[in-house]
1. Would you confirm whether or not the range 56-76 contains a residue that is modelled with pLDDT of 80 or more, over 23 Å from residue 159 (Cβ atoms) and under 15 Å from the mean Cα position of the chain (by Cα)?
2. Starting from residues that are under 13 Å from residue 255 (Cα atoms) and assigned to a helix (DSSP H, G or I), keep the ones in the range 13-30 and report whichever is modelled with the highest pLDDT.
3. Checking the conditions here, which among 238, 262 is at negative phi, in contact with a helix residue (DSSP H, G or I) (Cβ under 8 Å, 6 or more places away or on another chain), part of a helix (DSSP H, G or I) and surrounded by 15 or more Cβ atoms within 10 Å (Cβ to Cβ)?
4. Given (1) within 28 Å of residue 255 (Cα to Cα); (2) at pLDDT below 85, where does residue 100 come up short, assuming only one miss?
5. Exactly one condition in (1) loosely packed, with under 12 Cβ neighbours inside 10 Å; (2) within 30 Å of residue 262 (Cα to Cα); (3) in contact (Cβ under 8 Å) with a residue 40 or more places away in the chain is false for residue 98; which is it?
6. Give me the pairs, please: first residue somewhere in the range 1-27 and closer than 8 Å to residue 232 by Cα, second residue anywhere and at pLDDT below 80 and outside any helix (DSSP H, G or I), beta-carbon distance under 6 Å, and either six or more positions apart or on two chains.
């Protein structure tokens, strides 16, 4: 159970869910990157509980976007399979490490905070440099059958599984940028669609694993969804009305500010 009074803080939680949902709908990334720091720094939730609850939150929000991407043909299912072949075992391995080592609460909180700060900074840099990476291959025609780089994709999934399970950050911005480097001929919409669909089983497995060790609050999850669902709907409608460079700069700034706030609490 949360170590804060949700009966008192529910308006702030719903409002925070709306703001994060709005930004996710507007930019396409940021669910884990923004929600976990918000829960830790503003609501006062313990880092482990924030990560566990946010992973289930991310699995639900990403699942809502996965089906439309599939219908529009934006998913390379072979890449999803190879990514999941690495990320699911990576997630389970990280959960097993946390279970076997059973670190005390203070050390685990410190570990998550340090890892989260690093992941936030890397994510912000990835968001800024992503357009430069995609522009390099903008004139390349996507082949009918994109060959899978099996080992590299498997290792990417393994790394993402470990990072996401520990911090709830990385499945979005970091995953898309590295996929772009591995598959420069794949269209941006297919990179994003593939990354979103892959994040569903990853965050679900990670979230269920955290739930099994007591790092989940369904009351908190419900309040976040109440705010985030309308936020995502509104943000999605406004996506095309703002320049992409402004959205990316705005989101990168927020992620750096979230990392700064976490660093203040170390």
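The values are calculated or read from the model by the stated rules, or taken from the named source; none is laboratory data. What you are looking at is a predicted structure, and each value in this text was computed from that prediction instead of being measured. Positions of Cβ are generated from backbone atoms using ideal geometry, with glycine treated the same way; all protein chains shown enter the neighbour counts.
1. Looking for residues that are modelled with pLDDT of 80 or more, over 23 Å from residue 159 (Cβ atoms) and under 15 Å from the mean Cα position of the chain (by Cα), one finds at least one in the range 56-76, hence yes.
2. Within the range 13-30, the subset under 13 Å from residue 255 (Cα atoms) is 20, 23-24, 27, 29-30.
After this cut, where a residue has to be assigned to a helix (DSSP H, G or I) as well, the list is 20, 23-24, 27.
Details: 20: 83, 23: 77, 24: 73, 27: 64.
Among those residues, the one meeting the criterion is 20.
3. Values: 238 fails: surrounded by 15 or more Cβ atoms within 10 Å (Cβ to Cβ).
Within the list 238, 262, the selection yields 262.
4. Result: residue 100 passes all but (1).
5. It fails just one condition, (1).
6. 23/30; 24/30
Matching residues to (1) modelled with pLDDT under 75; (2) closer than 22 Å to residue 82 by Cα; (3) assigned to a helix (DSSP H, G or I):
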{"site": "110", "(1), (2), (3)": "no, no, yes"}
{"site": "123", "(1), (2), (3)": "no, no, yes"}
{"site": "135", "(1), (2), (3)": "yes, no, yes"}
{"site": "138", "(1), (2), (3)": "yes, no, no"}
{"site": "146", "(1), (2), (3)": "no, yes, no"}
{"site": "153", "(1), (2), (3)": "no, yes, yes"}
{"site": "158", "(1), (2), (3)": "no, yes, yes"}
{"site": "161", "(1), (2), (3)": "no, yes, yes"}
{"site": "164", "(1), (2), (3)": "no, yes, yes"}
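Yes/no matrix, rows are residues, columns are (1) part of a helix (DSSP H, G or I); (2) out of contact with any strand residue (DSSP E or B) (no Cβ under 6 Å at 6 or more places or on another chain); (3) without any contact (Cβ under 8 Å) to a residue 12 or more places away in the chain; (4) within 28 Å of residue 99 (Cβ to Cβ):
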residue	(1), (2), (3), (4)
211	yes, yes, no, yes
219	yes, yes, no, yes
222	yes, yes, yes, yes
228	yes, yes, no, no
